[in-house]
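S.K.: What follows is a structure written as structure tokens; I'll ask about it next.
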Amino acid sequence: MLEWFVQEVFEKYNFWTAIFIILIGIYATIAKGNLLKKLIGLSIFQTGIFLFYISLGDIGSLANWGLRTATPPILWEEGVELGYVYANPLPHVLMLTGIVVSAATTGVALALVVRMYQEYGTIEEDEIMRKEMELDQR
Amino acid sequence: MLLVEQFPVLIVTTGVFAGYTILIAGLVNRKSCAYIFLSVVFSHLIMSLFILHHVLTVGTIHYWLGGWRPPWGIEYVVDALNAYILVIVLFLSLMAGLYAKRYEEHKLEERKHVTYFTLFQLLVAGLCGVVVTGDVFNMYVLSEIVALTAYALIASPGGRTLKASYNYLVMGSVGICFYLLGIGFLYSVTGTLNMADMRILLPPLYQNRLVFVAYALILVGFSIKMALIPLHTWLPDAHAFAPSEISAMLSGIIIEVYTYAFIRISFSVFTVDFLRLLPIFDIISWIAAIAIIYGSVLAIAQINLKRMLAYSSVSQMGYIMLGVGLSISTRSALWGGLTPALMHILNHALMKGCLFLVAGAFIYKFNAWNITDLRGLGRKMPWTCGAFVLAAISMIGVPPSVGFVTKVYLIFAFVEAGNFIFMAILLLSALLNLVYFWRVIEILYMRPGGEEGHSEHHAEHAAPGKSEEIPLFMLIPVVTLASLCMIMGIVWLTEIPIVGAIPILDNVNKLFGLGAYTP
């Protein structure tokens, strides 16, 4: 039992954290009525995915119990002699792109929220829907 | 390396470059933006035709970006499927661009023209990129270029579109993040991002739960993007309130490109063998059948013309996904495989492109959004309304139109797959299409032209007997698309007696090993 706990939870704690963050993000995106809070939820969701990817790069930690053995992927002679395991840099590079995309999405969404605030005077979803219904009836 | 093998990468890079050229040229001369856009898209269309010809006669094009070999570098792969979709994308973009020139001069404030065409050019470049790429992560980045420019273009008129664009942004971002998570799962087991490489490394892992989860995530992600029921909720508002040529692009191309991406991931990264392990495609067929009926029924209930067309898009996506769902269980190579689905991607682009552009023409001339505002316009705008009728009867499925051809091919596919319930659904859907399109045609032609209806806000136009046709630049794309609805129908129909259906689609089926299923 303890062994299972260590193997499945402690060794993979950053994957569990990533799942937790992703779920918080999806919950906020779906359940919140405030457009800004929805957006915050979306950002949290994307951050969870980044954490998942970055955890993939750390190939060392799965080999030894809980001990992080992978080092940053910087090649230096002493490190090669000591037999270090390097972290995989590719997922990190992918997530640099992912962060840029996430920032761009947030920027566009914030611009839309500002315009909506100017248009309707509120950023609560249900109030905007009520105002749109009034517009429809007219 | 032949010049034509450089075309895929040239289309994407010069497309992005042209976007920023338009931005700078707009500082000097605002009028030049539209012309730069049109000339770039036109030259890309010519290039894509060369690519299609090369792919069909010589073979698949591989381009290694920066000369890095595939598993490490990004690879652009163009086979018959890509080349076919690329031609459709660029053709409809050219039509929408021609239309946009006059429509936006009228509708959009002048200072927004430059950024409008910049974003439009980036949208087209992004769409081409999604289509030609052979790398799953590159596909993610380019889909985000498409999505971000699409959000901004939808929101460009302001007002009601802001909320629609925001909804699309939230749902679209969640969808693409699911896709990102899915390819992360695949990367963690294969260690590669190249599609062809993944296809080789995946088969030993087919029993792994992680691969199933990855496929499920990718399926859900793309289902949001292509508005498959029940994830379509962003679509009606976004289509209804966007500028008309962007509605045409959204409905005719953007959701189809994500369908293409789904087909590409399903058949090029995973294989037919994997898809037969679980009844995934049967479930997709049933969801698509529900989408066909649901979209048509809700379309009948709408009073806003563009909203009606948007719900009709939900139903038409059902046709495409029904074709995809049946593709792995058709028994003969003659009718089966992806042929009906791919055929309908082109057919839907033509029909729905034309219908949305005509709906935009009514808004341009009379500010008429609702169906009841259209009384008697059939005589005032003979060419535009004629185009509407042609496209509408194509949607209903009158021979020899393109809609009829799709229905014929789908019925053959049902027979091949041995499923007859879908046939009843298809006939019911044709009837429902008839109901909601006939309502519009009746109002256009058979109600008296209401002097009380829409004459008050354009009394200056109301000279009796004077035709109130839209400008030539807008009329050309509308009439071209409408006549192609019929011409392509005849082209598809004359191909039927020849064994092996249509060379392009046949090539695709051969590539994926489809259409020869023995249960």
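S.K.: For segment B:155-212, give me the residue count where each residue is in a helix (DSSP H, G or I), within 9 Å of another protein chain (Cβ to nearest Cβ) and closer than 23 Å to B:Phe512 by Cα.
M.R.: 1
S.K.: Exactly one of these conditions fails for B:Val141: (1) open to solvent by 10 Å² or more (accessible area, probe 1.4 Å); (2) farther than 30 Å from A:Arg130 by Cβ; (3) outside any helix (DSSP H, G or I). Give me its number.
M.R.: For B:Val141, the failing item is (3).
S.K.: Looking only at segment B:327-357, count how many residues are open to solvent by 10 Å² or more (accessible area, probe 1.4 Å), at pLDDT below 90 and in a helix (DSSP H, G or I).
M.R.: Here the count works out to 2.
S.K.: Would you please name the residue that is most open to solvent (accessible area, probe 1.4 Å), looking only at residues in segment A:97-138 that are in contact (Cβ under 8 Å) with a residue 60 or more places away in the chain and not in a helix (DSSP H, G or I)?
M.R.: Ranking the qualifying residues of segment A:97-138, first place goes to A:Glu124.
S.K.: Checking the condition within 12 Å of chain A (Cβ to nearest Cβ) and open to solvent by less than 10 Å² (accessible area, probe 1.4 Å), which residue from B:Ala125, B:Ala150 passes?
M.R.: After ruling out the rest, the residue left standing is B:Ala150.
S.K.: Just name the residue that is nearest to B:Asn138 (Cα to Cα) out of those in segment A:86-96 that are of a type outside the set (Ser, Thr, Tyr) and outside any helix (DSSP H, G or I).
M.R.: A:Asn88
S.K.: Now, a different point. Between a first residue in segment B:23-44 that is within 13 Å of B:Tyr116 (Cα to Cα) and in a loop (DSSP other than H, G, I, E, B) and a second residue that is open to solvent by 70 Å² or more (accessible area, probe 1.4 Å) and charged (D, E, K, R), which pairs have beta carbons less than 8 Å apart while being 6 or more apart in sequence or on different chains?
M.R.: Pairs that qualify, where the first residue is within 13 Å of B:Tyr116 (Cα to Cα) and in a loop (DSSP other than H, G, I, E, B) and the partner is open to solvent by 70 Å² or more (accessible area, probe 1.4 Å) and charged (D, E, K, R), are B:Arg30/B:Glu110.
S.K.: Considering (1) within 20 Å of B:Met351 (Cα to Cα); (2) part of a helix (DSSP H, G or I); (3) open to solvent by 10 Å² or more (accessible area, probe 1.4 Å), say which one B:Trp286 fails and leave the rest.
M.R.: Of (1) within 20 Å of B:Met351 (Cα to Cα); (2) part of a helix (DSSP H, G or I); (3) open to solvent by 10 Å² or more (accessible area, probe 1.4 Å), only one is false for B:Trp286: (1).
S.K.: Okay, next question. Among residues belonging to segment B:461-504 that are at pLDDT below 75 and part of a helix (DSSP H, G or I), point out the one that is nearest to B:Leu377 (Cα to Cα).
M.R.: B:His461
S.K.: Can you pull out the residues in segment A:1-39 that are without any contact (Cβ under 8 Å) to a residue 24 or more places away in the chain and among the hydroxyl-bearing types (Ser, Thr, Tyr)?
M.R.: Across segment A:1-39, the qualifying residues are A:Tyr13, A:Tyr27, A:Thr29.
S.K.: Let me ask another. Looking only at residues in segment A:119-135 that are within 9 Å of chain B (Cβ to nearest Cβ) and of a type outside the set (Val, Ile, Thr), which one is farthest from the chain's Cα centre (by Cα)?
M.R.: A:Leu135
S.K.: For the subset of segment B:25-80 comprising residues that are polar (S, T, N, Q) and within 27 Å of the chain's Cα centre (by Cα), which member is nearest to B:Cys128 (Cα to Cα)?
M.R.: Filtering first and then ranking leaves B:Ser48.
S.K.: Something else: Looking at this structure, is B:Ile441 part of a loop (DSSP other than H, G, I, E, B), open to solvent by less than 70 Å² (accessible area, probe 1.4 Å) and at pLDDT 80 or above?
M.R.: No: the conditions fail for B:Ile441.
S.K.: Right, here's the next one. Tell me which of these B:Val189 doesn't satisfy, since it passes every other one: (1) of a type in the set (A, V, I, L, M); (2) at pLDDT 90 or above; (3) farther than 29 Å from B:Ile253 by Cα.
M.R.: (2)
S.K.: Within segment B:90-108, is even one residue open to solvent by 10 Å² or more (accessible area, probe 1.4 Å) and free of Cβ contacts under 8 Å to residues at least 12 places away in the same chain?
M.R.: Checking segment B:90-108: at least one residue is open to solvent by 10 Å² or more (accessible area, probe 1.4 Å) and free of Cβ contacts under 8 Å to residues at least 12 places away in the same chain.
S.K.: How about segment A:83-92: which of its residues are open to solvent by 20 Å² or more (accessible area, probe 1.4 Å) and facing chain B (nearest Cβ under 10 Å)?
M.R.: A:Asn88, A:Leu90
S.K.: Would you say B:Ser143 is under 19 Å from B:Ser251 (Cα atoms), at the interface with chain A (Cβ under 9 Å from one of its Cβ atoms) and under 21 Å from the mean Cα position of the chain (by Cα)?
M.R.: No.
Yes/no matrix, rows are residues, columns are (1) more than 19 Å from A:Glu127 (Cα to Cα); (2) at pLDDT 95 or above; (3) within 10 Å of chain B (Cβ to nearest Cβ):
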{"site": "A:Glu8", "(1), (2), (3)": "yes, no, no"}
{"site": "A:Glu11", "(1), (2), (3)": "yes, no, no"}
{"site": "A:Asn14", "(1), (2), (3)": "yes, no, no"}
{"site": "A:Thr17", "(1), (2), (3)": "yes, no, no"}
{"site": "A:Phe20", "(1), (2), (3)": "yes, no, no"}
{"site": "A:Ala28", "(1), (2), (3)": "no, no, no"}
{"site": "A:Lys32", "(1), (2), (3)": "no, no, no"}
{"site": "A:Lys38", "(1), (2), (3)": "no, no, yes"}
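S.K.: I'm trying to understand the selection: among the residues of segment B:401-423, which are open to solvent by 50 Å² or more (accessible area, probe 1.4 Å) and under 19 Å from B:Leu355 (Cα atoms)?
M.R.: The one that is open to solvent by 50 Å² or more (accessible area, probe 1.4 Å) and under 19 Å from B:Leu355 (Cα atoms): B:Phe404.
The values are calculated or read from the model by the stated rules, or taken from the named source; none is laboratory data. A quick note: this is a predicted structure, and the numbers were derived from the prediction, not measured. Note: ideal-geometry Cβ built from the backbone for every residue, glycine included; neighbour counts use all protein chains shown. Heavy atoms of the whole protein, side chains included, go into the accessibility calculation; ligands, DNA and RNA do not. Shrake-Rupley method; radii C 1.70, N 1.55, O 1.52, S 1.80 Å.
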